[in-house]
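*Asks:* The structure that follows is given in the form of structure tokens.
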Amino acid sequence: MSVKWDTPDYRDSSGLYIPISVESLRTGAADDFDVYLRTGSDYFLIKPKGSSISDVNLNKYAERTPYLYIRTTDQDPFFKRVDKYIDDVITSDKVPLRQKAALLSDKAVDIVDKIFADPSHPEHLKAAHRVTQNFLSFVAQDRHAFLHLVDLSINDHYTYAHSVGVAAYCLATALAAGYQGEQVVNIGVAGLLHDIGKSQIDPAIINKKGPLDEREWGEMKKHPQLGGELLRAHKNIPDIVIVCTESHHENNLGTGYPRGLIASKLDPMVGIVSISDTFSALTTKRSYSHPRDSLSALKLMKENIKAKFDQELFMKFVKLFLAEEKKAG
Ligand SMILES: [Fe+2]
Ligand SMILES: [Fe+2]
């Protein structure tokens, strides 16, 4: 069912296993499933179905790897089981933020995976909305909770890490900018789905290790419009989600694509997705380049591309991170 993305160290090339982060297994998510440890291309059964893994053992595995594996045939039953208790885990005050974030991220990755494999399936879009509501309830719990969603163990897969990261930044920025309720959820959904059009582009272009040539770049630039078309084919997708998807590569100077719209033609919510997208693209690991750290990415955005964004909004975005730095120091 999965699109064949370039997935070094993350997806099993045989397609028989999928990764689940060790942290989310602490929530008991895998009790009804076999769990495997991967060593190179070999998988070892470390926990049979019907038993649980102790925290002590999970700590041991966590030292070796950020994720363990379940069988791909268990993917749907596993996440259906997660659906039953994810609300309780997210709202519990006994579960650490890190575990909540891991479970949310695994769930969001499952949805992004399904959406990219079949963007026409209405259930997948509904699931994206539901998980974004969970994201929001999580992000609203703590000022810096969004950073846990971004600091994910599952970071070897650019499309997944990027989609989850952009959704998290969008929600935190929307809250900082004073948006409320369903508007915030819509911005988060737009963050999760903004690159959905890439599902229609040749994986050889998407996965290319290095700069694209002119023809490839021309193809790549079609993804916002293709994404808009995919979303328009669904009922009940709010207009703003479609607009953000179509316009996330536009900018205030009118030098973006596909339409070269200027600031006055852009919905302010688009700016939230654009800033989040740019920042995530700079800070997420790709197979061919090292990610920047948050501060150097913000510096680069401030020095080189600030004029492309709404200044007030950009400063709100910057403050999300400066507060974190102070806290860490
Ligand atoms: Fe994009
Ligand atoms: Fe993107």
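Values quoted throughout were computed directly from the atomic coordinates according to the rules given, and no laboratory measurement underlies them. As the structure is a prediction and not an experimental result, all values here were calculated from the model. All Cβ positions, glycine included, derive from the backbone under ideal geometry; neighbour counts span all protein chains shown.
*Asks:* Which net charge results when you count Lys and Arg as +1 and Asp and Glu as -1 among the other residues whose beta-carbon is under 11 Å from that of Val270?
*Replies:* Here the count lands on -4.
*Asks:* Nearest 500 deg cm²/dmol is fine: what mean residue ellipticity at 222 nm does the chain get from its DSSP H runs of n ≥ 4 alone, each adding -39,500 (n - 2.57), divided by its residue count?
*Replies:* -17000 deg cm²/dmol
*Asks:* Tell me the relative contact order for the chain as a rounded percent, counting alpha carbon contacts under 8 Å between residues six or more apart.
*Replies:* That works out to 15 percent.
*Asks:* Take the alpha-carbon positions of the chain, form their convex hull, and give its projected area averaged over all directions (one quarter of the hull surface) in nm².
*Replies:* So the Cα hull casts an average projection of 16.4 nm².
*Asks:* Can I ask one more? Normalized C-alpha radius of gyration of the stretch 175-262, against 2.2 N^0.38 Å?
*Replies:* 1.19
*Asks:* What do you get for the angle between helix 181-193 and the principal long axis of the chain? Use alpha-carbon atoms, 0 to 90 degrees, nearest ten.
*Replies:* Taking the Cα atoms of the chain, the angle to 181-193 is about 80 degrees.
*Asks:* Using 7 Å Cα-to-Cβ label points, what is the Lys60/Asp83 separation (nm, one decimal)?
*Replies:* Between Lys60 and Asp83, the simple spin-label model gives 3.5 nm.
*Asks:* Arrange Met220, Met315 by Cβ neighbour counts within 10 Å, fewest through most, would you?
*Replies:* With the fewest neighbours first, Met220, Met315 line up as Met315, Met220.
*Asks:* If Rh is defined by the Kirkwood formula over all Cα pairs and Rg also comes from Cα, what ratio Rg/Rh do you get for the stretch 53-182?
*Replies:* 0.95
*Asks:* Let me ask something else about it. In whole Hz, with x marking every Gly and Pro, tabulate ³J(HN,Hα) for the stretch 270-283 from phi via Karplus 6.51 cos²θ - 1.76 cosθ + 1.60, θ = phi - 60°.
*Replies:* Karplus-based 3J(HN,Hα) across the stretch 270-283 equals 4, x, 5, 5, 5, 5, 4, 5, 4, 4, 5, 4, 6, 10 Hz.
*Asks:* Nearest 10 degrees, 0 to 90: what angle lies between the long axis of helix 55-64 and the longest principal axis of the chain (Cα atoms)?
*Replies:* 60
*Asks:* Here's something else I'd like to know. Quick one: angle between helix 223-232 and the longest Cα principal axis of the chain, in degrees between 0 and 90, rounded to 10, please.
*Replies:* The angle comes out at about 70 degrees.
*Asks:* If you rank Val112, Val243 by fewest surrounding Cβ atoms within 10 Å, what's the result?
*Replies:* Val243, Val112
*Asks:* Ranking Glu182, Glu303 by Cβ neighbours within 10 Å, fewest first, what do you get?
*Replies:* Glu303, Glu182
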